[in-house]
Amino acid sequence: MGTLYGADLPAVVDQAIFELQTKARSRHGSYLHHCRRICSEVDQENTGYLSREQVDNVLSYWGTFLAKLKFEAILKYCTVEGRGFDYNKFLNTLIPKLNPRCQRVVDAAWKVAAGESESVPLEDLARRFSPMGHSGYVLGKIPGERVQHEFFEGLIHLRLGSDEPVVKDDFVAYYTEKRLDCLDDDAFAKLVEAQWKVEDLEAEPTLRQFRELVTKIKQKARLKNEGVKDEVSLKAHFLQVANEKGEVPRDQFAGLLRGMGVDVRDADADALFRYFDKNKSDSVSAADLGKYLATFEMEAPTEAILSKTVVPARILPTSTWAP
């Protein structure tokens, strides 16, 4: 992407983002909400862009100071020529996407929270939220109503004051920020499970499940059992999301399959990917994926492939829910 003061821009951006995330983890969860709110307030005309001076002011208001090299790198990375600093891109970079395991827990929690509805009134969502994941409540130091109010206010801040019904994207965005407050994936999963009464079960994919999924992929790719030609065809599909090294990241595999028209659960896609990921690097080259799928042998995996399958413990109607 070019250089800046002799440094590789992506590396400097990564360093700056890591520094900002580290500071975010040391503060309350509203820290990132606060930055989002400040950007919105500075951008009085709601353009989505800020000037260089405004970016400097935002970071100052936010209580964050970066070395000049890192500041310039972030500025260049998020600036759109002729428009300015895209602060939504900055915030989305600052708050990374959930990995597959965490995403499955949040998906299951939304199922508990919303049932079959596409949106939930904010007040209803706050009432369904359980304070059990909050240590202060568990220790008897904070009343449940206060914990629920904090959840309510957190969603309000995230959505810049909007009190419209909450959709799944809002819910996922809230927990994406909350992940930064947790030490690891296990701590995050336990928090979400406690707040929404979600059960976390271990399941081992069977040979039949692997075979069925591979068959679906081949059918959607319209393969004709032609060996090398099949490999080339599959490689072309996988190159759509491959990185600059020609590798497919683990967290994009399920989405790619769905983009091909394959109806697949995240857990099953993730298990199949890990089976193909021989060196456990969380990425597999597009060429290798094409080869593995085209020549998939119908025999049991040689190693245990455990997949986290998260399911809602129960879905309670609004009228009967009680904290």
> At what distance in nm do the modelled label points of Val42 and Leu91 sit from each other, each positioned 7 Å from its Cα along Cα→Cβ?
Replying inline: 1.3 nm
> What length, rounded to one decimal in nm, is gained on full extension from Ile142 through to Val167, with 0.36 nm per residue of separation minus their alpha-carbon distance?
Replying inline: 6.2 nm
> How much length is gained if the chain between Ala67 and Thr295 is pulled fully straight, taking 0.36 nm per residue apart and subtracting their Cα-Cα distance, in nm to one decimal?
Replying inline: 76.9 nm
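Applying 1/(1 + (r/R0)^6) with R0 = 56 Å to the Cβ-Cβ distance of Thr22 and Arg222, what FRET efficiency is obtained, to the nearest 0.05? Provide the component values of the computation, followed by the final result.
Details: r = 48 Å, r/R0 = 0.85.
It comes out at approximately 0.75.
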> Any idea how far apart Met132 and Leu183 come out in nm if each label point goes 7 Å out from Cα toward Cβ?
Replying inline: 2.2 nm
>> Students often check this: by mean Cβ neighbours within 10 Å, which of 12-22, 62-72 ranks highest, and how do the rest follow?
In response: 12-22, 62-72
> What ranking do 245-251, 173-179 get when scored by the average of other Cβ atoms within 10 Å per residue, highest first?
Replying inline: 173-179, 245-251
>> So if each residue of separation counts as 0.36 nm, and I subtract the Cα-Cα distance between Ser281 and Asp56, what length gain in nm does that give?
In response: 77.3 nm
>> Per residue, how large is the accessible surface of the stretch 59-192? Use a 1.4 angstrom probe and give square angstrom.
In response: 49 Å²
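The values are calculated or read from the model by the stated rules, or taken from the named source; none is laboratory data. Because the structure is predicted, anything quoted here is derived from the model rather than measured. Every residue, glycine among them, receives a Cβ derived from its backbone with ideal geometry; neighbour counts consider all protein chains shown. The area values use the complete protein model at the heavy-atom level, side chains included, leaving out ligands, DNA and RNA. Shrake-Rupley method; radii C 1.70, N 1.55, O 1.52, S 1.80 Å.
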